[in-house]
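A short write-up of the structure that comes next.
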Amino acid sequence: MTREEVLNTLKEKFKNDIISVFDKSPKRVYIEITPESLTRVAPFVFNDLQARFNIASGMDSRYEMEILYHFIIEPINLLISFRVKLPKDKPEIASITPFFEAANWIEREMNEMLGITFKGHPDMRRLLLPDQWPEGVYPLRCDYKEWDETAIRDRGV
Amino acid sequence: MARTIVPIGPYHPLQEEPEFFTLTVEGEKVVGIDVRVGYNHRGIEKLSERKNFDQSTFVIERICGICSTSHPYAYTRAVEDVIPMEVPPRAKYIRTVIAEGERIHSHLLWLGLAGHFLGYNTVYMWAWKLREEILDVMEILSGNRNNYAMFTPGGVRRDFKPDDIPVVLKKVDSIVPTLTMLKKAVIDDPVLHARTKGIGVFSKEDAINFSALGPTSRASGIRKDVRKDSPYGAYDQVEWDMIVTENGDVFDKVVLRILEMFESIKIIKQCLDKLPAGEINANIESIPPGEGIGHIEAPRGECFHYVRSDGTNRPVRHKVRAPTFMNLPTYKATIVGQTISDATIILAAIDPCYCCTERVSVRTVKGKKLYSGEDLIKLSQAKTEKIREQLRK
Amino acid sequence: MGVKLNALLKSPWVFHLSTGSCNNCDIEILDCLTPRFDIERFGMVLAGSIKHADVLLVTGSANRQSMERVKRIYEQMPKPCLVVAIGECSLSRGLFIHSYNCPVPIDKVIPVDVYIPGCPPKPEAIIAGVVKLIEKVKASQKEAKK
């Protein structure tokens, strides 16, 4: 399958789900999809297009939460990033861990760092943050403020 | 049969990074595993947002001491992808040499530790002695043993001096005989065969499902290497082979890493021979708003960075995905069904970014039996000794 | 106290503890054990358990998760004992001073006797630092006798 074929297949199969396509360079494509369609798009790309799941990266921007799911198709050297935008007051999306195990840890990480809920994740426990970290404080959000008053941020010189 | 829980960690005497494993065992057999990470979490993604693009390179370098080239390399490629731009050819070659030097020292480090886990302290000492030679090479080229600080968005910060290159070539050549000896010693050893063949098999299907990376997946027969698939640096201008083995067990991973070192030596020598003249830094003026992705092949697998810029001098979001992040969960597939004396080598086989084998305590459900200290390693070493005895007969 | 400390200085066994470092300092500590640097000439051996150790080598910036463990490990250590902080992170947290997960430097968690700066310090520096520590303790012993 060539690069054009892959993109055309995606555009045809998910023509109601794709919001926009940004063809950045021969190696990179950014596709914005609706949050509901993720559970259809991700397994299709992973199984039928034989892409490798690279990683997902969450981000808290000014108006909404954003998740990018990066997939790479090695034979044609194409990195496709699926962009999903979630409302800030209720960031919630279906988990893709049931389809492939590779998404397990990154969803746990995004959950604790950004407070995004992944519905249907089999094992949502804390991954990186310490045990005594307070609930409801998400370090990677823009409005994160230091909560620990005992912390020393001064070199003392 | 009664289930026993074996906590490993978080502080060990031989692995670098603290991590906490909980093995569930039935008699000798491991039936479940759980990992708790976070003992090393320093919030680098958040820190990177406070620094400007140039300063970030040095923060990124300190994600991991062994991968102190891979992360800046992926990061600078991500920043260059935002613009987008190409770095000058000389800078590409210099970057490739540094990255391959790092691969050799990282693989040697792993080989030594794997030898130690199996009770082969000779391999440990030899491999680490050889590693010093590579660190000397890196010190000549970059000025430091680790944390080379060579990378900057748009090129490299230091040039190679013409006088250094013959010295480096000679040094690189001088490690080949010892490495060949080490390769023979490891690959032809019957005890090592008995200990690692068929142990911790990682199937091709699992490798795809877990999206495993680097040597961990290539040992399972998956032909994926960023250096070949999406060539960067000077990798498409020099000759080298991608090493792939089929069985997915620990032995194949050992062999694969040893053979990869020879390829790396080949790449370094060709790069230093062909080193083009010219600029080493493209001097980026400004970084426009946009997003970029950089991925490169680190010693442990693909290292992936995502950078978003809003036109100011700082990244708004910087996502770091180290290869071990994808490789660690594969324990679930490899360790279940194996015996507990093989656990250490299977845990070590993916070359996780940790190195200080901690205190291990084995406790039965009633809490009566208590092994302390390095008992897991001792258990593993005792097994090797037993096999050795049998072979002598 | 004096006799105990003297006995300890003959052949100090070290225990290595990483509290959220980048591995570099840890690898350099392990490097000290290998043929080129060979720290065993000074009678130093890396101990497997904290209960056998005389000197604690701490690296890293003490993140919240490992801080509690560091305290607990220090409590388990047989006293008298010596603590060496290795690398910029354990001195002042270096780059990580503003990190949300590294609230205080390590010497606010446990008492530290010797600081070895560097990112990472070379193995030579680590060996020199530990030898200096031994000399320092010996000198203070002599002071106490007077």
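Taking K and R as +1 and D and E as -1, what net charge do the other residues with C-beta under 13 Å from the C-beta of residue B:201 add up to? The partial results should precede the final answer.
Numbers: positive: B:197, B:204, B:253; negative: B:205, B:206, B:246, B:249, B:252, B:342.
Surrounding charge for residue B:201 is -3.
With the cut-off at 23 Å, tell me which of the pairs C:79/C:136; B:170/B:253; A:85/B:46; B:161/B:269; B:29/B:393 have Cα atoms farther apart than that. Intermediate results must be reported in sequence, preceding the final value.
Working: C:79/C:136 18 Å; B:170/B:253 29 Å; A:85/B:46 21 Å; B:161/B:269 16 Å; B:29/B:393 28 Å.
Pairs exceeding the cut-off: B:170/B:253; B:29/B:393.
Quick one: if the Förster radius is 30 Å, what FRET efficiency do residue C:145 and residue C:41 give, using the C-beta to C-beta distance and rounding to 0.05? Before the final figure, lay out each step's value.
Values: r = 28 Å, r/R0 = 0.95.
Efficiency for this residue pair is about 0.60.
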Note on chain B: helices (DSSP H) long enough, at least 30 Å by alpha carbon along their axis, and hydrophobic enough, mean Kyte-Doolittle at least 0.5, are B:164-187, B:250-274
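Which value, in debye to the nearest 20, gives the size of the charge dipole of chain A about its Cα centre, when Lys and Arg are +1 and Asp and Glu are -1 at the Cβ?
Working: 22 positive and 26 negative charges, 90 e Å.
Its charge dipole is roughly 440 debye.
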Projecting the Cα atoms of A:96, B:238, A:115 onto the charge dipole of the protein assembly as shown, where Lys and Arg contribute +1 and Asp and Glu -1 at Cβ, the residue farthest towards the positive end is A:115
Can you tell me the dipole magnitude for chain C around its Cα centre, using point charges on the Cβ only (Lys, Arg +1; Asp, Glu -1), in Debye to the nearest 20? 560
So how compact is segment B:44-325: Cα radius of gyration and Dmax in angstrom? 19.0, 60
Using the charge dipole of segment A:1-83 (Lys, Arg: +1 at Cβ; Asp, Glu: -1 at Cβ; taken about the Cα centre), state which of A:16, A:69, A:33 has its Cα farthest towards the positive end. A:69
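Please say if segment C:1-75 is rounded, prolate or oblate, where rounded means a/c under 1.5 for a ≥ b ≥ c the square roots of the C-alpha gyration tensor eigenvalues, and otherwise the choice is prolate for a/b larger than b/c and oblate otherwise? Kindly include the intermediate steps, with their values, before the conclusion.
Numbers: a/c = 2.86, a/b = 1.19, b/c = 2.40.
Note, shape of segment C:1-75 comes out oblate.
Rounded, prolate or oblate for segment C:85-146? Axes are the square roots of the Cα gyration tensor eigenvalues, ordered a ≥ b ≥ c, and the cut-off for rounded is a/c under 1.5. Please list the in-between numbers first.
On the way: a/c = 5.10, a/b = 1.76, b/c = 2.90.
It comes out oblate by the Cα gyration axes.
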Out-of-range pairs (alpha-carbon distance over 24 Å; input A:27/A:90; B:184/B:266; A:119/B:204; B:129/C:132; C:10/C:108; B:92/B:171): A:27/A:90; A:119/B:204; B:129/C:132; C:10/C:108
With Rg from the Cα atoms and Rh as the Kirkwood inverse mean 1/r over Cα pairs, segment B:115-244 has an Rg/Rh of 1.02
Can you give the Rg to Rh ratio for the protein assembly as shown, taking only C-alpha atoms and Rh from Kirkwood? 0.95
Taking every DSSP beta bridge that has both residues in chain A, what percent is antiparallel when rounded to the nearest 5? 75
Rounded, prolate or oblate: which one fits segment C:33-110, using the alpha carbon gyration tensor with axes a ≥ b ≥ c (rounded when a/c is under 1.5, else prolate when a/b beats b/c, else oblate)? oblate
Counting only DSSP beta bridges with both residues in the protein assembly as shown, tell me the antiparallel percent, nearest 5. 70
Treating only the Cα positions of chain C as identical point scatterers, give the base-10 log of I(q)/I(0) from the Debye formula at each q in 0.09, 0.13, 0.19 Å⁻¹. -0.26, -0.54, -1.13
Can you give me the distance in nm between label points at residue B:164 and residue B:236, each placed 7 Å from the Cα along the Cα-to-Cβ direction? 2.8
Towards the positive end of the charge dipole of the protein assembly as shown, with charges on Cβ (+1 Lys, Arg; -1 Asp, Glu), say which of B:192, B:148, C:37 has the farthest Cα. C:37
In degrees from 0 to 90, rounded to the nearest 10, what is the angle of the helix A:104-114 Cα long axis to the longest principal axis of chain A? 50
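Near residue B:274, within a Cβ-to-Cβ distance under 12 Å, what is the net charge of the other residues, with Lys and Arg +1 and Asp and Glu -1? Show your work: numbers first, answer last.
Numbers: positive: B:90, B:92, B:269; negative: B:239, B:273.
Net charge in that neighbourhood comes out at +1.
Relative contact order for segment B:66-190: what percent, with Cα pairs under 8 Å and sequence separation of 6 or more? Write down the numbers at each step before the final one.
Details: 109 pairs, mean separation 35.9, N = 125.
The normalised contact order for segment B:66-190 reaches 29 percent.
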Report the relative contact order of chain B, percent, no decimals, based on alpha-carbon pairs under 8 angstrom and at least 6 residues apart. 28
Just need the relative contact order of segment C:2-141 here, percent rounded to a whole number, with Cα pairs under 8 Å and 6+ apart. 26
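The numbers here are math on the coordinates, done by the rules we state, and not lab data. Remember, predicted model here, so these are calculated numbers, not experimental data. Note that each Cβ is placed from the backbone with ideal geometry, even for glycine, and that neighbours are counted across all protein chains shown.
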